[in-house]
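Rule-based calculations on the coordinates, nothing more; no lab input. Small disclaimer: the values here were computed from a predicted structure and weren't measured. Neighbour counts run over all protein chains shown; Cβ positions are idealised from the backbone, glycine included.
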Amino acid sequence: MSWLSYPKALNRALADALTRDEAVCVFGEDVGAGMAGVTLGLRDRFGAGRIVDTPLSEQAFTSVGIGAALAGMRPVIELQIPSLLYLTFEQIANQAHKFSLMTGGQARVPLTVVVPGSGSRLGWAGQHSDQPYSLFAHVGVKTVVPATPSDAYGLLATAIRDDDPVLLFAPAAALPVREDVVAPLTPIPLGSARIHRPGTEVTVVAIGHLVHEALAVADELAGEVDVEVLDPRSLHPFDWDTLGDSLARTGRLVVVDDANRSCGFAAELLATAAEEFRLVAPPRRVTRPEGAVLPFAPELDRAMQPGREALRAAVRAVLKGRWAC
């Protein structure tokens, strides 16, 4: 196996799950045609009874998916735009997520929600460019954000087998990523972070597609600072042990996250790191601005997102920083 693309990895994980378990089915708009790439060719292989094109009503087919999960199926829902999660938040966070807890485990909701193209796609403007994963991590829904094709395969494979709802955000900026895959693709446990680049002076936690930006910055700064790049992969549950081990080596933390600054996931990482781990300097975060709504104009769109220049500045600042006495 060689050069696997991110959408093809999701497609392969879904095809393998459909082959392995007849309880797996798919609901979504244009899933029969595979418009987002995730379900491409699957209706021809598995039939319209399992790859179900739905009307343009996300609340309706999310509710159908929850009902199917309660009835013993393992449905996968595709939402083409991340902002549609605001419409379905009640069904996912208040219904699907809580059924098992409120019934003492008597009911299970093995529902997987895939968002293929979260975040900004250049010029898609305010209602198509959000990153609302922190909302679901906040309420306790299992939430993953793969950065690479192999992780996309492994996390989706695990999500479909999980007895609880799982959201998988596939960042739009990660979709062009291709990876030379040698070993067989396997499921990846939720709550297991990945160290992409070991280092000794600064830990950079990068979420989703920003892993690749962080690796580029780490290479640029190699003669100046030894940067460790950590990819959480799973936001809830989060791998605090791996982060703690990393900070024990470096003592310094920068988080880069393509979401809004206030109440974002980066803020949670900084707060918990400051509470639980030994830091030698104040941590920093690189995010979208406070309350950002991405505009249609491409130049303004890019200006609102965290980039390499801001990340380089944050790494240098935390390297020089010290706690005030």
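Using Cα pairs closer than 8 Å and at least 6 residues apart in sequence, work out the relative contact order for the chain, in percent. Reported as a whole number, the value is 16 percent. Taking every DSSP bridge with both residues inside the chain, close to 20 percent are antiparallel. Taking a virtual spin label 7 Å from the Cα of Glu220 along the C-beta vector, which residues in the stretch 291-320 bring their backbone nitrogen under 14 Å of it? Within reach of a label on Glu220, which here means backbone N under 14 Å from a point 7 Å along Cα→Cβ, the stretch 291-320 contributes 306-317.
Within the listed set Ser57, Ser129, Ser120, the Gaussian network model of the chain (springs between alpha-carbon atoms below 10 Å) gives the highest mean-square fluctuation for Ser57.
For the stretch 266-276, backbone phi angles converted through the Karplus equation (6.51, -1.76, 1.60; θ = phi - 60°) give residue-by-residue couplings of 4, 5, 5, 5, 5, 5, 5, 4, 5, 6, 9 Hz, Gly and Pro being listed as x.
For Lys8, the lysines whose Cα comes closer than 25 Å to its Cα, not counting residues fewer than 8 places off in the same chain, are Lys142. Computed over neighbours whose Cβ is under 9 Å from that of Gly321, the net charge equals +4, Lys and Arg +1, Asp and Glu -1. In the chain, excluding the sites themselves, the longest stretch lacking any of the chymotrypsin sites (Phe, Trp or Tyr not before Pro) that are in a DSSP loop with at most 13 other Cβ atoms within 10 Å is 4-295. Just to be sure I follow the definition: excluding the sites themselves, where is the longest run in the chain that has none of the GluC sites (Glu not before Pro) in a DSSP loop with at most 15 other Cβ atoms within 10 Å? By the stated rule (loop sites, at most 15 other Cβ atoms within 10 Å), 23-223.
Computed from backbone phi, the HN-Hα couplings of the stretch 161-169 come to 7, 6, 7, 10, x, 9, 9, 10, 9 Hz, rounded to whole numbers (Karplus: 6.51 cos²θ - 1.76 cosθ + 1.60, θ = phi - 60°; Gly and Pro given as x).
Each residue of the stretch 60-71 was assigned a 3J(HN,Hα) from its phi angle through the Karplus curve 6.51 cos²θ - 1.76 cosθ + 1.60 (θ = phi - 60°); the sequence is 5, 6, 5, 5, 4, x, 5, x, 5, 5, 5, 8 Hz, with glycine and proline shown as x. Residues whose amide H lies under 5 Å from that of Val113, counting only those 5 or more places away or on a different chain, are Ile77, Val166, Leu167, Leu168; hydrogens are built 1.01 Å from N in the peptide plane. Cα centroids of the stretch 164-186 and the stretch 198-254: 19 Å apart.
Subtracting the Cα-Cα distance of Ser63 and Asp30 from 0.36 nm times their residue separation leaves 10.1 nm of extension gain. Longest segment of the chain with no trypsin sites (Lys or Arg not before Pro) in a DSSP loop having at most 14 other Cβ atoms within 10 Å? Result, exposed sites excluded: 1-277.
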